[in-house]
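Worksheet: one structure, shown below.
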Amino acid sequence: MRALKNNYIAILRIELNDLLTDLEKLIEECSKGHQTGMISENVLMQNLAVFKNEILGVHRFQRILDNIHAQEYERLDDMIEDIRLKFHALIHDHGLADAIQIYIDRKLLKVERYVKQ
């Protein structure tokens, strides 16, 4: 069971790096849209603020994972729920964009399904 929990955390880290890459690509696309005149300066600034806030949320979530010790949890489900609760508290305490909660919850569920197969 300990290996399962450690694998969960390792795969979740990979998924988070993938999410960061996606957010960076969105920033690039918005910048290109602004350069071509498809996106106004105002929309660009608003989008950049949201994307950077989401990137900050992912980095803060990675710090939560740094402090998770799989051996402290009896079951995988207990660990996942603790991770989720800590992240939700972080979002509300630090005023992070609500969208990042949806992204992270989906990653948590995706990895859970994968490791339980």
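Bear in mind these aren't lab numbers, they're just calculated from the coordinates by the rules spelled out. Because the structure is a prediction, the values reported are computed rather than measured. For neighbour counting, all protein chains shown are included, and Cβ atoms are generated from backbone atoms with ideal geometry for every residue, glycine included.
Taking the Cα centre of the chain as origin, work out the dipole magnitude from +1 charges on Lys and Arg Cβ and -1 charges on Asp and Glu Cβ, in debye rounded to 20.
Numbers: 16 positive and 19 negative charges, 55 e Å.
Around 260 debye, computed over the chain.
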### Summary
Residue-ordered couplings for the range 63-75, obtained by feeding phi - 60° into the Karplus form 6.51 cos²θ - 1.76 cosθ + 1.60 and rounding to whole Hz (Gly and Pro as x), are 5, 4, 4, 4, 9, 8, 10, 3, 5, 7, 10, 6, 10
### Spatially near lysine pairs across the range 2-116, Cα under 22 Å, sequence gap of 8 or more or different chains
13
### Summary
Note: probe point = Cα of Asp22 + 7 Å toward Cβ; backbone nitrogen < 13 Å; residues of the range 73-107 passing the test are 99-107
### Summary
So, for the Cα atoms of the chain, Rg and Dmax in Å stand at 16.3, 55
### Query
Can you work out ³J(HN,Hα) from phi for every residue in the range 3-15, in order, using Karplus 6.51 cos²θ - 1.76 cosθ + 1.60 and θ = phi - 60°, giving whole Hz and x for Gly and Pro?
4, 4, 5, 5, 5, 4, 5, 4, 5, 4, 4, 5, 4
